[in-house]
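Q: So that we are looking at the same thing, I have put the structure below in structure tokens.
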Amino acid sequence: MVNAAKVLQDLRASAERKPDVVVRLGKPLVESGAVMKLDADAWLVYEQVAIAALDVGDDALAQKCIQALETKFPGSPRVRRLNGMELEAKGELLEAAKIYKAILEEDETNVLAAKRQVMLLRAMGMNAEAIAALVKYLDINYPDFEGWLQLADMYMEEFMYAQAAFCMEEVLMLQPQNHIFHLRYAEILYTQDNVQLALKQFCRVVELCKDHVRGLYGIKLCTSRLLKSSPSKDATATSQEDLKAIDLLATERLLAVYSAGSAASAKSASTKWIEHL
Amino acid sequence: MSGQLNPEDALYVDMFIAKNSQTMTFIRSSYSAILGLAAGILGLTNWSGFVFYFVGSAFLSTLVFLVKAKASPGTYFRSPFDVFTEGVLGGLLSYILFWTLLYGIIHVYD
Amino acid sequence: MLLDPAIRNWVLIPIMLVMVLVGIVRHYVTVLLNGTPKKADLKSARETKALQRAAILRAHGSHLPEQAFQARKSYLSEAFEKGTYLKDPIGSNKPKGNLMSDPAYVETMMDGMKKNIMNIVPQTVIMGWINFFFSGFVLIQLPFPLTIRFKSMLQRGIETQDMDVTWVSSLSWYFLNLFGLQSVFTLILGSGHAADAMRDMQAMSTMGMGAAAGPQMGPTGQPQDMHKIFLGEKENLDLAEHEWGLDDVETRLLVKYGKKPRSVLVDKRTKALAAASASAAGASSSTPPAALAATAAARSKKARRQV
């Protein structure tokens, strides 16, 4: 039991979403009542298992956890948010909306309720309202990079690439060391046809994470397009010589990555395809 | 690390740095207390006592440096010298306390 | 052999024990007194976050392309000047006179006072207790020597002229414990415990620092003028220059994989800086070329070490 508690605690700290693990470890704890031995942590575990149970569809388990929390903390906004999530899982979206609205009326800074409200609007398909609500939330809670990520996602659904690029820029400022965010930004730039800038970003991705395959593919796409078009007069643009060098480098690295440990047939197929990029 | 735009700050996750400092302080304070007990029992006085502390402290730092930080403290702390300097002063105070306590109990009293 | 063991049993250990217990009790009482964390005010939070925004832009702006950076810079400058992020817009003049009527201010005052009380009271009580019961005799010998000046402080109540400074009274044992038990408390209560004397001494000098709730307080206890702060931040922003970190990322990448020699980076850096200085020669705010060349040399050295 101690091991399970430790794993759950680590998952809480790292904020990873692994509902199957949580349910597998947490279910016996909750059902046997052994979770109460964890004292203060017990309630955190209840909350964690409740959310995970909703994720995997185990409504009964979720109900049990939420019930326990309600008995201990009646009227708490944190528990009411869980109630809202339960209703969302059952599909009663309007009821859930009412709960979140009530929480926000009591305490307008409640981050959890505000976030759930945005996602609720998205689930109901009201994308425009969801975007408006999220923008309002981010105006107040600027450093929430996950919020910015979510907003970028929503803009991309609406094909509003310029705004999505803006959101990714904010994310980059908040989390500059994460190469995945650079990658997403690069791909948005490429979609906007801003190939020169996209190339630089793809290079950054590979710089941060050596031999990142998606980054290398991005480089290849950009360089092949830039080499085909006429050389730009812009001083900041990459020189032809550099372009060719980078192109060669990307090809070489891709071949290296794919040839390491793959079957001969796969190797020849991938080689052919890479050289035609 | 190569490819840095900003000073290496961008690479450091704040939470981990804080956790590492906390662990370092924890190790050092427990170690200093025990070292103080040892110094008191041994009956060290004056300079030998302080030298004992700093030598012991350096020994601990080297151990952490080699075993836990695997000789690359730059990956665990902002500055590689943090391994040697983190929590030394706080440790010194508790060292003095326990040193005085044990010295008193064993050498001054019956 | 030198001192009566009864002193050890009835003074040395009890004082230490009492201090440890009082520290633990103080921690729990502070937790109880603080009660539920206060609700953060939406507008105040927004104010602080806006400032953070500018700081982040300045710190990490090098990751963004030029236009993005400039766009944000101009937007934030304008916003700070117009006061869009202020809690109380500039037009409405809140009477600055009677501060006691502002409930949030009073709350932060109470907070600071509570904290101070929780620290001063136990300290004073214990000191009084020790002075009353345990004065007038030598308690322990310090294993290290101190200068004569400490004699009057450490041997209070023992009127001797010639005794070694190493022999001290109970009050000095109290001080020894006060400082030495800090780390012990950290071990027992986990970090951030309420019995941290070092933190108290810092807190005493910056009284009334509100946390998430309440308006911002300056070191003097006066509510800070957010507008002035915003203007200051705006100036910082205006001065901030954009150095795009991705300018020579292709070259860096080629160097990283060994396709190009490292010297290429150094040359490019000096060339870029020389070009910058040539173009900035006409601009108003420019440093003399000599100084720029010196910084260029220093920077190229740094680049070499960094890569």
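Q: Of the residues that make up region C:124-134, is at least one at pLDDT 80 or above, more than 14 Å from chain B (Cβ to nearest Cβ) and not in a helix (DSSP H, G or I)?
A: Filtering region C:124-134 for residues at pLDDT 80 or above gives C:124-134.
Next cut, more than 14 Å from chain B (Cβ to nearest Cβ) only: C:124-134.
Going one step further and asking which of them are not in a helix (DSSP H, G or I), we end up with C:134.
The answer is yes, given that some residue of region C:124-134 is at pLDDT 80 or above, more than 14 Å from chain B (Cβ to nearest Cβ) and not in a helix (DSSP H, G or I).
Q: Here's a follow-up. C:Leu21: loosely packed, with under 13 Cβ neighbours inside 10 Å and either hydrophobic (A, V, I, L, M, F, W, C) or within 12 Å of chain A (Cβ to nearest Cβ) (or both), yes or no?
A: yes
Q: Also, quick follow-up: Does C:Gln216 fit the bill of being at pLDDT below 80 and either over 33 Å from the mean Cα position of the chain (by Cα) or closer than 23 Å to B:Leu97 by Cβ (or both)? Even if it seems obvious, please write down each step before you answer.
A: Values: at pLDDT below 80: yes; either over 33 Å from the mean Cα position of the chain (by Cα) or closer than 23 Å to B:Leu97 by Cβ (or both): no.
In short, no.
Q: May I pose another question? Which residue is farthest from the other protein chains (Cβ to nearest Cβ), if the candidates are limited to region B:63-101 and must be surrounded by 14 or more Cβ atoms within 10 Å (Cβ to Cβ) and assigned to a loop (DSSP other than H, G, I, E, B)?
A: This residue is B:Ala69.
Q: May I ask you to list the residues in region A:84-126 that are more than 17 Å from A:Glu70 (Cβ to Cβ), acidic (Asp, Glu) and free of Cβ contacts under 8 Å to residues at least 24 places away in the same chain?
A: A:Glu92, A:Glu105, A:Glu108
Q: A follow-up question, please. Does region B:35-57 include one or more residues that are touching a Ser or Thr at 6+ places or on another chain (Cβ under 6 Å), modelled with pLDDT of 85 or more and crowded, with 18+ Cβ neighbours inside 10 Å?
A: Keep residues of region B:35-57 that are touching a Ser or Thr at 6+ places or on another chain (Cβ under 6 Å), which gives none.
Within region B:35-57, not a single residue is touching a Ser or Thr at 6+ places or on another chain (Cβ under 6 Å), modelled with pLDDT of 85 or more and crowded, with 18+ Cβ neighbours inside 10 Å.
Q: Could you pull out the residue among B:Ser57, B:Ser21 that is away from chain C (no Cβ under 11 Å), touching a helix residue (DSSP H, G or I) at 6+ places or on another chain (Cβ under 9 Å) and more than 15 Å from B:Leu102 (Cα to Cα)? Please lay out each step first, then the result.
A: Values: B:Ser21 fails: away from chain C (no Cβ under 11 Å).
It is B:Ser57.
Q: Of all residues in region A:120-156, how many are part of a loop (DSSP other than H, G, I, E, B) and more than 20 Å from C:Ala45 (Cβ to Cβ)? So that I can check it myself, show each step before the final result.
A: Taking region A:120-156 first, the residues part of a loop (DSSP other than H, G, I, E, B) are A:124-126, A:141-144.
Restricting the remaining residues to those that are more than 20 Å from C:Ala45 (Cβ to Cβ) gives A:124-126.
Number satisfying all stated conditions: 3.
Q: Spot the failing condition for A:Phe166; the list is (1) more than 14 Å from chain B (Cβ to nearest Cβ); (2) more than 17 Å from C:Trp244 (Cα to Cα), and only one is missed.
A: Failed condition: (2).
Yes/no per residue for (1) part of a helix (DSSP H, G or I); (2) under 28 Å from the mean Cα position of the chain (by Cα); (3) under 16 Å from A:Val22 (Cβ atoms); (4) among the aliphatic types (A, V, I, L, M):
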site: A:Leu44; (1), (2), (3), (4): yes, yes, yes, yes
site: A:Cys65; (1), (2), (3), (4): yes, yes, yes, no
site: A:Val79; (1), (2), (3), (4): yes, yes, no, yes
site: A:Glu88; (1), (2), (3), (4): yes, yes, no, no
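Q: Further, regarding this structure: With respect to A:Leu120, is the statement that it is of a type in the set (A, V, I, L, M, F, W, C), within 30 Å of A:Val7 (Cβ to Cβ) and within 23 Å of the chain's Cα centre (by Cα) true? Step through it out loud before you land on a result.
A: On the way: of a type in the set (A, V, I, L, M, F, W, C): yes; within 30 Å of A:Val7 (Cβ to Cβ): no; within 23 Å of the chain's Cα centre (by Cα): yes.
No.
Q: Are there any pairs, at least 6 apart or on different chains, whose C-beta atoms fall under 8 Å, with the first in region C:157-168 and on the phi > 0 side of the Ramachandran plot and the second assigned to a loop (DSSP other than H, G, I, E, B) and aromatic (Phe, Trp, Tyr), and if so, which?
A: C:Gly157/C:Phe137
Q: Let me ask another. Identify the residue in region C:65-85 that is under 30 Å from the mean Cα position of the chain (by Cα), touching a residue at least 60 places away in the same chain (Cβ under 8 Å) and assigned to a loop (DSSP other than H, G, I, E, B) and, among all such residues, is surrounded by the fewest Cβ atoms within 10 Å (Cβ to Cβ).
A: C:Gly83
Q: Please determine, by comparing only the residues of region A:214-223 that are more than 9 Å from every other protein chain (Cβ to nearest Cβ) and either within 14 Å of C:Glu250 (Cβ to Cβ) or at pLDDT below 85 (or both), which one is farthest from the chain's Cα centre (by Cα).
A: If we filter region A:214-223 for residues that are more than 9 Å from every other protein chain (Cβ to nearest Cβ), which is where we start, we get A:214-218, A:220-223.
Narrowing further to those that are either within 14 Å of C:Glu250 (Cβ to Cβ) or at pLDDT below 85 (or both): A:215-216, A:218, A:220, A:222-223.
Working: A:Gly215: 18, A:Leu216: 22, A:Gly218: 20, A:Lys220: 26, A:Cys222: 25, A:Thr223: 28 Å.
Within region A:214-223, the match that is farthest from the chain's Cα centre (by Cα) is A:Thr223.
Q: Got at least one residue in region A:157-173 being assigned to a helix (DSSP H, G or I), within 16 Å of the chain's Cα centre (by Cα) and among the polar types (S, T, N, Q)?
A: Checked region A:157-173: no residue is assigned to a helix (DSSP H, G or I), within 16 Å of the chain's Cα centre (by Cα) and among the polar types (S, T, N, Q).
Q: Only one of (1) within 23 Å of the chain's Cα centre (by Cα); (2) within 30 Å of A:Glu169 (Cβ to Cβ) fails for A:Leu104. Which number is that?
A: With (1) within 23 Å of the chain's Cα centre (by Cα); (2) within 30 Å of A:Glu169 (Cβ to Cβ) applied to A:Leu104, the lone miss is (1).
Q: Follow-up question, since we're still on this one. Looking at region A:97-134, which of the residues that are buried (at least 19 other Cβ atoms within 10 Å of the Cβ) and within 14 Å of chain C (Cβ to nearest Cβ) is modelled with the lowest pLDDT?
A: Per the criteria, the residue is A:Thr109.
Q: For region B:30-54, which residues satisfy the criterion of being in a loop (DSSP other than H, G, I, E, B) and either polar (S, T, N, Q) or away from chain C (no Cβ under 11 Å) (or both)? I'd like the intermediate steps shown before the answer.
A: If we filter region B:30-54 for residues that are in a loop (DSSP other than H, G, I, E, B), which is where we start, we get B:43-45.
Of everything in region B:30-54, just one residue is in a loop (DSSP other than H, G, I, E, B) and either polar (S, T, N, Q) or away from chain C (no Cβ under 11 Å) (or both), namely B:Thr45.
The values are calculated or read from the model by the stated rules, or taken from the named source; none is laboratory data. Quick caveat, the model's predicted, so the values are computed rather than measured. Cβ sites come from the backbone with ideal geometry, for glycine too, and all protein chains shown count toward neighbours.
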